[in-house]
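Notes follow once the structure below has been shown.
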Amino acid sequence: MQKLIAANWKMNKTINEAVSFISEFKKLIKDIKNAEIVICPPFTSLQAVSKELKNSNIKLGAQNMHFENAGAFTGEISPLMLKEIGCEYVILGHSERREFFNETDDLINKKVAAALKNGLKPILCVGETAEQRQHGKTEDVIEDQIIKCLKGVDKIKDVAIAYEPVWAISRGNPNQKAATKADAEDAHLFIRKLLEGMYDENAAKNTRIIYGGSMKPENAKELLAMPDIDGGLVGNASLNAKSFAEIVKSAR
Ligand code: PEP
């Protein structure tokens, strides 16, 4: 299975900054075939980035969306709009959306269903907080999130699950430690087994489970070499073209 390496730029980069990143990044990874690369800029840069990515080996994703295609939802963006602008992927249920914007598993479930219905591939984020891990609740939390967020979803192969332990997410701190490769692998294997129970062995094997949380050039290779880590969702280290290109090149 080809690895998926996705950049989550969060609320960073103006249109000009986004475009200049893409022109530098494209040159750095032009011969890459070992990974599927996705850039998820803020909504305001989607159009410009979409144009820059035409005829390249890089795909476009969004960081969030509403579950309706249109309507009286001030400030929201719909799946139709994302499709039209050239998005293939959409990040859903990121821990920052859960924490700062009160997104619940039920809401995220509606978004996952709406994305799939509109031909967008969700990158569904799950993961425990530090406190939940300390209390030995990691697997319970992940299981609960996945079961609720995937309720009624049958096209599981079009979904990538991003395991993002909240305690490992950098929030802009380049010195934040990632999960160890062993801890990340344990969680990924747990998710794979869970999917096997919810769907079947084949579906579980063919669904990408990617790791997010302080992935950077220094640790990407060892994380991406683990048997159940099928890619990465990269925040802070994806803001710099050289460091993101190095991470992409670490994928085998
Ligand atoms: C994220 O929040 O999706 C993420 C992976 O962030 P970072 O790489 O900065 O920890």
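Structure above, values below:
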| quantity | calculated |
| --- | --- |
| Whole-angstrom gap from the stretch 1-36 to the stretch 137-162, using each part's C-alpha centre | 27 Å |
| Built amide H within the under 5 Å cut-off of residue 7, gap 5+ | 38, 39, 40, 234 |
| Dipole of the stretch 3-240, positive end: most advanced residue of 189, 231, 213 [Cβ charges, Cα centre] | 231 |
| Where trypsin sites (Lys or Arg not before Pro) fall in DSSP loop in the stretch 4-86, at most 11 other Cβ within 10 Å | 30, 33, 54 |
| Computed [θ] at 222 nm, helices only, for the chain once each DSSP H run of length n ≥ 4 contributes -39500 (n - 2.57) | -13000 deg cm²/dmol |
| Nearest-20 debye value, the chain charge dipole, Cβ charges on Lys, Arg, Asp, Glu | 940 debye |
| Cross-link partners of residue 54 among lysines (Cα-Cα below 16 Å; sequence separation of 8 or more within a chain) | 26, 27, 30, 83 |
| For the chain, with +1 on Lys and Arg beta carbons and -1 on Asp and Glu, the positive-most of 11, 176, 60 along the dipole | 60 |
| Those aspartates and glutamates that a straight Cα-Cα span of less than 12 Å connects to residue 205, excepting residues fewer than 8 apart in one chain | 196, 228, 230 |
| Reachable aspartates and glutamates, given that their alpha-carbon falls under 13 Å from the alpha-carbon of residue 249 and they are not under 8 places away in the same chain | 31, 36, 218, 222 |
| Probe 1.4 Å, protein heavy atoms only - accessible area per residue of the chain in square angstrom | 47 Å² |
| Heavy-atom accessible surface of the stretch 3-240: percent carbon and sulfur, 1.4 Å | 51 percent |
| Dipole of the stretch 63-172, positive end: most advanced residue of 101, 130, 119 [Cβ charges, Cα centre] | 119 |
| Unit charges on C-beta of K, R, D, E only; dipole of the stretch 188-252, Debye | 220 debye |
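The values are calculated or read from the model by the stated rules, or taken from the named source; none is laboratory data. Keep in mind it's a predicted model, so treat the numbers as computed, not measured. Cβ: placed from backbone, ideal geometry, glycine included. Neighbour counts: every protein chain shown. Accessible surface is based on the protein model in full, side chains and every heavy atom, while ligands, DNA and RNA are left aside. Shrake-Rupley method; radii C 1.70, N 1.55, O 1.52, S 1.80 Å.
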